[in-house]
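Structure first, commentary second.
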Amino acid sequence: MAANSGLRRLVKRSLYRGGGLPYRAVQSLSMAADIRRGTWSEPELSLIHHAVRQGETVVDVGANYGLWTYHLSKAVGSGGRVLAFEPVPSTAAVLKWVVGLLRLKNVELRAAACGVSGGQIDMVLPVQDAGPPSAGQAHFADRSDDRPGHESHVRWTRSRTVKVDVVALDEAVRHKEVTFIKCDVEGAEPMVLQGAAVTLGRSRPTLVVEINPWFLEGFGSTTEQLLVLLSSHGYQGYRLDDRAGRLVPIGDQLKEDNYVFVHPSRLPRLEPLL
């Protein structure tokens with residue numbers, strides 16, 4: 001069935017009726033199968049093998065349906081711990097099922113967003129034509145997209161707002177030694193990192209951060225400011241050249257992509273990729 005076919009939309013709409021439980025069950029099975037088979041993947045996942053060791057504590061911010069959570073879980077093993085943060089209630093429910101289906105016993109799920117400090121915040125959930133929310137595009141409601149060019153970034157026609165819990169990573173991980181953080185939060189990355197300042201200074205975890213200049217601007221931030229923030233903690237920026245299988249230094253002009261930030265103390269682990 002084609003991804004955007006009328007039949008697929010009809011199936012989604014039918015499954016999503018009645019609170020969406022049948023849809024979530026089917027979605028959980030589908031996501032778990034895709035993750036296990038490797039049909040859903042990202043090039044930067046290959047970094048985990050180098051950056052993470054058995055027994056360590058790692059963090060997945062914006063865990064979505066568990067792609068990174070799964071691979072991080074396998075990397076840290078039974079003696080390690082994955083803290084997975086997913087604030088969207090329906091997505092967090094599916095993620096819980098996916099974690100169970102994949103038997104990831106070292107994963108601790110947190111149904112919360114990460115920010116500068118604790119509390120609550122409104123999140124906008126874009127809604128697909130078939131009815132379910134488009135989880136990968138959910139974002140803090142105070143992001144402004146009301147500016148020229150907005151139409152080219154909009155991938156939905158409807159949305160709804162939900163209130164979610166917010167925690168600061170420093171508070172969530174307390175005094176744990178964290179070696180790796182993946183962060184994909186639709187423009188709120190600076191807030192996550194500000195709330196993790198103590199952790200960055202103490203543990204110096206390797207970071208994989210999705211950066212979208214448009215979304216950053218919606219929060220009144222820029223890629224330059226984000227780079228300055230990370231540089232203040234001693235981090236160096238790279239992108240993965242997946243064709244060459246190597247990390248290459250980044251400049252100050254960033255486009256929408258995943259980027260890798262490494263403290264010099266963590267570079268020896270990634271030396272085979274440099």
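Inspect all residues belonging to segment 194-204 and state whether any of them is more than 24 Å from Val173 (Cβ to Cβ) and more than 18 Å from the chain's Cα centre (by Cα).
no
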- Leu230 fails exactly one of the following numbered conditions: (1) more than 23 Å from Ser117 (Cα to Cα); (2) surrounded by 13 or more Cβ atoms within 10 Å (Cβ to Cβ). What is the number of that condition? (1)
- Note on the structure: If we keep only residues of segment 233-257 that are surrounded by 16 or more Cβ atoms within 10 Å (Cβ to Cβ) and touching a Pro at 6+ places or on another chain (Cβ under 8 Å), then the residue farthest from Glu210 (Cα to Cα) is Gln236
- Query: Taking only pairs six or more apart or across chains, which ones have beta-carbon atoms under 8 Å, a first residue in segment 247-261 that is on the phi < 0 side of the Ramachandran plot and outside any strand (DSSP E or B), and a second residue that is hydrophobic (A, V, I, L, M, F, W, C) and surrounded by 10 or more Cβ atoms within 10 Å (Cβ to Cβ)?
  - Reply: Asp252/Leu227; Leu254/Ile211; Leu254/Leu227; Glu256/Ile211; Glu256/Trp214
- Note on the structure: A careful count of residues in segment 52-91 that are surrounded by 22 or more Cβ atoms within 10 Å (Cβ to Cβ) and among the small types (Gly, Ala, Ser) gives 5
- Message: So the check is Cβ under 6 Å with 6+ separation or different chains; which pairs have a first residue in segment 169-193 that's among the small types (Gly, Ala, Ser) and a second one that's surrounded by fewer than 24 Cβ atoms within 10 Å (Cβ to Cβ) and assigned to a strand (DSSP E or B)?
- Response: Ala188/Phe140
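Farther than 29 Å from Leu254 by Cα, at pLDDT below 90, surrounded by fewer than 19 Cβ atoms within 10 Å (Cβ to Cβ) and not basic (Lys, Arg): is that true of Gly131 in this structure?
The answer is yes for Gly131.
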- Can you tell me which residues in segment 24-42 are surrounded by 14 or more Cβ atoms within 10 Å (Cβ to Cβ) and closer than 26 Å to Gly245 by Cα? Asp34, Ile35, Trp40, Glu42
- Message: Which of the numbered conditions does Lys176 fail, given that it passes all the others? Conditions: (1) in a loop (DSSP other than H, G, I, E, B); (2) buried (at least 20 other Cβ atoms within 10 Å of the Cβ).
- Response: (2)
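Residue-wise test of (1) touching a Ser or Thr at 6+ places or on another chain (Cβ under 7 Å); (2) among the charged types (D, E, K, R); (3) modelled with pLDDT under 95.
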{"position": "Ser41", "(1), (2), (3)": "no, no, yes"}
{"position": "Ala63", "(1), (2), (3)": "yes, no, no"}
{"position": "Ala75", "(1), (2), (3)": "no, no, no"}
{"position": "Glu86", "(1), (2), (3)": "no, yes, no"}
- Message: List the residue pairs whose Cβ atoms are under 9 Å apart, where the first residue sits in segment 52-80 and is without any contact (Cβ under 8 Å) to a residue 12 or more places away in the chain and under 20 Å from Gly38 (Cα atoms), the second is small (Gly, Ala, Ser) and assigned to a loop (DSSP other than H, G, I, E, B), and the two are 6 or more positions apart or on different chains.
- Response: none
- Task: Kindly indicate which of Leu95, Leu45, Leu101 is at pLDDT 95 or above and either buried (at least 21 other Cβ atoms within 10 Å of the Cβ) or acidic (Asp, Glu) (or both).
- Result: Leu95
- Would you confirm whether any residue within segment 209-218 is of a type in the set (Gly, Ala, Ser) and surrounded by fewer than 21 Cβ atoms within 10 Å (Cβ to Cβ)? no
- Query: Can you find a residue in segment 206-223 that is of a type outside the set (Ser, Thr, Tyr), touching a strand residue (DSSP E or B) at 6+ places or on another chain (Cβ under 9 Å), in a helix (DSSP H, G or I) and within 21 Å of Ile121 (Cα to Cα)?
  - Reply: yes
- Task: Report, by residue number, each residue of segment 23-72 that is part of a helix (DSSP H, G or I), over 15 Å from the mean Cα position of the chain (by Cα) and of a type in the set (S, T, N, Q).
- Result: Gln27, Ser28, Ser30, Ser46
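Working carefully through the options Pro205, Pro264, find the one that is out of contact with any helix residue (DSSP H, G or I) (no Cβ under 8 Å at 6 or more places or on another chain), under 25 Å from Gly55 (Cβ atoms) and either at pLDDT 95 or above or of a type outside the set (A, V, I, L, M) (or both). Working first, answer last.
On the way: Pro205 fails: out of contact with any helix residue (DSSP H, G or I) (no Cβ under 8 Å at 6 or more places or on another chain).
Of Pro205, Pro264, the one residue that is out of contact with any helix residue (DSSP H, G or I) (no Cβ under 8 Å at 6 or more places or on another chain), under 25 Å from Gly55 (Cβ atoms) and either at pLDDT 95 or above or of a type outside the set (A, V, I, L, M) (or both) is Pro264.
The values are calculated or read from the model by the stated rules, or taken from the named source; none is laboratory data. Just so we're clear, the structure is a prediction, and the values are computed from it rather than from any experiment. Note that each Cβ is placed from the backbone with ideal geometry, even for glycine, and that neighbours are counted across all protein chains shown.
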